[in-house]
Amino acid sequence: MFEFLRSYIVCLALLSGIIGLISLHKLPGNKAKFLVLLIWFSVLTEIVGYFFTQWTGLLNYYVYNFYMFVSFSAYILLLRSLLQKQTNRISAVLFLILFLISLFLNILYFRKDINHSFTYSFAVGVIVVMMLSCLYLVEIFNSNK
């Protein structure tokens, strides 16, 4: 049952990526085009993750941990580029460093084998992205535009 759910997710991401490519010339800037690139990266990760176990005989945590590292780093950098205040931009860099430290500590101390899900790093990444999103919303609501 869950295997079909994965194929639906891949199909939805693929559909989003195709629509993004078709309308790429209409997107307002590089930040929006970057999101299309992230969608295609998600599609590629889902496809590779699906076949990784068949190809290598290992569990696909390697693929998804790498995906988590790249996607959260990309979202943090994207939110940093959207922030206007210098203090918030510095906070975004510090949050990125915090996420990378949590990833390193997760590899070093919490998991002896990296073929496991990095739950703590995922939680830190989600919290960091949520906090940066809130900072961005506060900036938008406090602007005079």
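Just a few scattered comments:
- Residue in the range 35-48 that is surrounded by 13 or more Cβ atoms within 10 Å (Cβ to Cβ), charged (D, E, K, R) and in the same structural domain as Leu135 (by TED's automatic domain parsing) present: no
- Restricted to the range 1-29, and to residues there that are at pLDDT below 80 and assigned to a loop (DSSP other than H, G, I, E, B), the residue that is surrounded by the fewest Cβ atoms within 10 Å (Cβ to Cβ) is Met1.
- Residue among Leu77, Leu103, Leu132, Leu96 that is of a type outside the set (Lys, Arg), more than 28 Å from Phe52 (Cα to Cα), part of a helix (DSSP H, G or I) and in contact with a Ser or Thr (Cβ under 7 Å, 6 or more places away or on another chain): Leu96
- Check on Val93, modelled with pLDDT of 90 or more, in contact with a Lys or Arg (Cβ under 9 Å, 6 or more places away or on another chain) and not assigned by TED's automatic domain parsing to the domain that holds Tyr8: yes
The values are calculated or read from the model by the stated rules, or taken from the named source; none is laboratory data. Here the structure is a predicted model, which is why all the values come from computation and not from measurement. Virtual Cβ from ideal backbone geometry, glycine too; neighbours counted across all protein chains shown.
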